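Peer 1: Attaching a single structure in structure tokens format; questions to follow.
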Amino acid sequence: MSVPLRNVLLLSLFALAMAHVEAALVVHLRSLYYPADPLNVFPLVLLSHRDLAIELARESATVVMILTVALLAERGAGRVFAAFCYVFGLWDIGYYLWLKQMIGWPVAWLEWDVLFLIPWPWFGPWLAAALIALLLLGWGARVLLGNAVPVFGRGTLLLFAAGVLLALGAFLWPAVPLLAGGEQAFAGYRPSGFPWLVWLAGYLLMGLGLWRALP
């Protein structure tokens, strides 16, 4: 077995195992906070301050774990970034696959989710997040399975960064009207409109940046 293939297989095992752990935790949280209907997290129920602090720390730890395994698996900034993208993408997709297997969620393709909590809650259809994860997964696999060393020149980096900011903005935007009201403004939140055009612009710019980075 070649070294690149071995590394990808090991990274895949790590990502899928970590996705299982996260999905299991979310199943427990849904059972605790939504005992009547764990398949529907809206209207939103606020986490206790203790559980919120634990979740914020867990999310930060997840990013650290993915970065750490990427640094262990590869050398050079470009290939480390590819490993990070691969693990992040497979972890996110695996998370939804495990949730589907465990509790049958998501039920619909455009069903909304609470995607992340830092710096404030990200809201949006799970599919929007999964498509970004699929983009990162595919690009990371393309780099890792060969000897390619991606190169992010200034223009390429700006394209990718602009895409990330637009996509991130799309997920953060639904909660912006609630920020002025403080924590309690989020209680009972129900999804409304998602800025798909902003998300699509971000997705395309991210994809273009990643494509241009390939040698």
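Yes or no, residue by residue, for (1) over 17 Å from Val26 (Cβ atoms); (2) at pLDDT below 95:
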site: Leu72; (1), (2): yes, no
site: Arg75; (1), (2): yes, yes
site: Arg79; (1), (2): yes, no
site: Tyr86; (1), (2): yes, no
site: Leu97; (1), (2): no, no
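Peer 1: Residue under question is Val45, and the condition is that it be within 21 Å of Leu117 (Cβ to Cβ), of a type in the set (Val, Ile, Thr) and surrounded by 16 or more Cβ atoms within 10 Å (Cβ to Cβ); does it hold?
Peer 2: no
Peer 1: Arg142 passes all but one of (1) within 17 Å of the chain's Cα centre (by Cα); (2) in a helix (DSSP H, G or I); (3) closer than 28 Å to Phe14 by Cβ; which number fails?
Peer 2: The number of the failed condition is (1).
Peer 1: Now for a different question. Return the pair list, or none, for Cβ contacts closer than 8 Å from residues in region 28-56 that are more than 22 Å from Ser192 (Cα to Cα) to residues that are of a type in the set (S, T, N, Q) and surrounded by 15 or more Cβ atoms within 10 Å (Cβ to Cβ), at least 6 apart or on different chains.
Peer 2: none
Peer 1: Limited to region 150-201, what total is found for residues that are closer than 17 Å to Pro125 by Cα, in a helix (DSSP H, G or I) and among the aromatic types (Phe, Trp, Tyr)?
Peer 2: Result for region 150-201: 4.
Peer 1: Tell me, yes or no, whether region 177-198 has at least one residue that is modelled with pLDDT of 95 or more, surrounded by 15 or more Cβ atoms within 10 Å (Cβ to Cβ) and within 21 Å of Phe84 (Cα to Cα).
Peer 2: Within region 177-198, not a single residue is modelled with pLDDT of 95 or more, surrounded by 15 or more Cβ atoms within 10 Å (Cβ to Cβ) and within 21 Å of Phe84 (Cα to Cα).
The values are calculated or read from the model by the stated rules, or taken from the named source; none is laboratory data. These figures come from a predicted structure and were not determined experimentally. Methodologically, a virtual Cβ is constructed for each residue, glycine included, from the backbone with ideal geometry; neighbour enumeration extends over all protein chains shown.
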